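Read the structure below first, then the notes.
Read the figures in this text as sums done on the coordinates, not as results from a lab. Note that the coordinates shown come from a computational prediction; the quantities given were computed from them, not determined experimentally. Using ideal geometry, Cβ is built from the backbone for each residue, glycine included, and neighbour counts are taken over all protein chains shown.
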Amino acid sequence: MKVGAFAARLRRELPGLRSVVLYGSAAAGDHAGRGSDFNLLLVVERIDMDLLDRLSRCLRGWMARGNPPPVVFTLERLEKSVDVFPIEIADMKQARRILWGEDVLQQLDIGLADLRWQLERELKQKVIALRQGYVAAAGRTRAVRRLMMTSFSSILTLLRSALRLHQREIPLRKLDAA
């Protein structure tokens, strides 16, 4: 199922849907075909069990193709989450395509203090995880290579956030931040 067709299905099946936003590599032009997934943000009027059950039924084929379930927020909860998820929301704002509805991300302001706090925390966590992974690899080249490959994308995200924190021009494509 193509992303546009999936967005149309969500419009039909989900009452109170306000926005369907494609974000990440597919919106930035970094999508690597079968090796990449499609990331969606859904903004709805309210989240209840009926909505989640309806969404669950829509997701079967979508997830079978390797795509993650969409991130689901109400507009109010999204606005109140900017201080908790500044890296993620800033990345969504930078690389997005509105598939349907309102551009709910445009109005969100990312606080630099919040961004600095999350960036510092995630960088420290990444260093700890890399040390643990390196030690666990016990000198096995394949294990070290796998550790590096699985860490690469998240490290690029953090590098982009560091550029954003220092108010530098942020490349749209992840590899351009390296």
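Here are the numbers for the structure shown:
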quantity	calculated
Sparsely packed trypsin sites (Lys or Arg not before Pro) within segment 58-106, loop by DSSP, other Cβ within 10 Å at most 15	ARG65, LYS80
Sites matching GluC sites (Glu not before Pro) across segment 77-149 that sit in DSSP coil, with at most 16 neighbouring C-beta atoms within 10 Å	GLU102
Helix-only [θ]222 nm of the chain, DSSP H runs n ≥ 4, -39500 (n - 2.57) each, per residue, nearest 500	-17500 deg cm²/dmol
Segment 18-134 - percent relative contact order, Cα under 8 Å, separation 6 or more	33 percent
Cα long-axis angle, helix 49-64 against the chain (0 to 90 degrees, to the nearest 10)	60 degrees
Theoretical gain in end-to-end length, GLU169 to ARG65 [0.36 nm per residue, Cα-Cα removed]	34.0 nm
Percent of beta bridges antiparallel (DSSP, the chain, rounded to nearest 5)	75 percent
